[in-house]
1. With springs only between Cα atoms under 10 Å apart, run a GNM on the chain and tell me which of N288, N332, N365 wobbles the most.
2. Among I131, L150, A81, flag the residue with its Cα farthest along the positive direction of the charge dipole of the stretch 1-159, charges on Cβ as +1 for Lys/Arg and -1 for Asp/Glu.
3. Calculate, in nm to one decimal, what E358 and A227 gain on full extension: separation in residues at 0.36 nm each, minus their alpha carbon distance.
4. Say the cut-off is 29 Å between C-alpha atoms; which of K250/K389; K4/K65; K226/K386 go over it?
5. If you place +1 on the Cβ of every Lys and Arg, -1 on the Cβ of every Asp and Glu, and leave all else neutral, what size is the dipole of the chain about its Cα centre, to the nearest 20 Debye?
6. Please report S158, S221 as a ranked list, fewest other C-beta atoms within 10 angstrom at the top and most at the bottom.
7. So which residue, out of G109, G118, G78, gets the largest mean-square fluctuation from a GNM of the chain using Cα contacts under 10 Å as springs?
8. What Kirkwood radius, in Å to one decimal, follows from the Cα pairs of the stretch 74-228?
Amino acid sequence: MRNKVVVTGRGLVTPLGVGLEPNENALRTGKSGIVFVPEWRDLGIESNVGGLIDEKKLVCPLLDKRTLRYTPVHAMFGIVAAYEALQEAGLETNSLRHRRMAVVLGHGGSAHTHILDGAETLMMTHKSKRISPFTVPKVMPSSAVANISLVFGIKGESYSISSACASSAHAITVASRLLQAGLYDIVLTGGTEELNWIHGLGFDAMRALSRSFNDTPERASRPFDKARDGFVIACGSGMMVLETEEHARKRNAKIFCQVSGMAGNSNATDMVFPDAPSCSQVMNDALNDAGLTPADINYINTHGTSTPVGDPIETNSIKSVFYDTNKDVLINSTKCMTGHMIGATGAAEIIFTSLMMEKEFISPNINLENIEDECAWANLPREIVKGVKIKHALKNCFGFGGTNSCVILSAIE
């Protein structure tokens, strides 16, 4: 029999704020974290909106001068979020070295500005000695997980998973499977992503980003609305402490919910267009893994990126699974407030889901002014729903390359 996996700690760094409390407050009030980015306009990027984070708010006692030599921005996000998660879990950072504990993270990109700076310096000077000796630790794809393992002294296996927008959901899936198998007592998991003009450039070139709301950035991310014109790119980090239920109860940890089901698959049809049958299948597989039926789900946190193609395909896939037995299930996309945090988005939104389960509310679908016809069947609340008991919640993540993930959270009896 496999171990039950539970959530005992959570940490957030998102465009809505640094920490669980400001994120919860923003979710309740429908506050947008999307802002105008003048640098992108000046560079000629047509999308001038993004979900940014004020780095001055990244306060953590472990971010000392020595550590900062090796940490790109997304690793800083991850360290701050991980510190909060460990604090909530009641785990002293100086005790982690002696625990049966691993780190598994997801991310989509890297520290692209460091790569560009190094290349430009070499081209101008023709001297490699002018390049920072800390470049490799900062730009390697595993930089965030390496920094977190080092800073917190976690001795178990540590690695990153990169599967586009599904990266951190896949990381949570892998972390859960390690715990189910009994290989560890605790896994620190989640995702992190930084944002600069280089990250956004390719998406802008393929016309995937919103560009019609540059003058009103808070209105730019509008999943399921007829006026949506692309996603809003963002940065952030979501980190979770997962444990076996047995281990958590032995140390009298507060348990927030259980990771009860998970699944992943691939479309194998197109590099960028989602595939409704595959999306439906991954949800069914996660339900089967949890031993649940569609009628058991109280809330769905969608991938819901605000793209013209993606939103109706996802709602149609949800309809094929849920409509016959649970057509009134509550559905939203929290990206309407945060934008799309790419590799970090799955973890952050799984944490959002856990907060709503704990505090018994569903955040509003802001900017949903004129619902897309194909989405009109769905129960998409435009105001906060309070006092809702969420026993089981389902979270979708679909990524470029045709990779899909679905994670189910369940309340602890």
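Computed from the coordinates by the stated procedures, all read-outs in this text should not be read as laboratory data. Small disclaimer: the values here were computed from a predicted structure and weren't measured. Quick reminder, even Gly has a Cβ in these numbers, built from the backbone with ideal geometry, and neighbours come from all protein chains shown.
1. Looking only at N288, N332, N365, the largest GNM fluctuation is found for N288.
2. Working it through, the farthest residue towards the positive pole turns out to be L150.
3. On the way: separation 131, 0.36 × 131 = 47.16 nm, distance 3.31 nm.
Full extension from E358 to A227 adds 43.9 nm.
4. Working: K250/K389 27 Å; K4/K65 39 Å; K226/K386 27 Å.
K4/K65, as the Cα separations exceed 29 Å there.
5. Values: 39 positive and 43 negative charges, 275 e Å.
So the magnitude is around 1320 debye.
6. S158, S221
7. G118
8. On the way: mean 1/r = 0.0560 Å⁻¹.
One decimal place: 17.9 Å for the Kirkwood radius.
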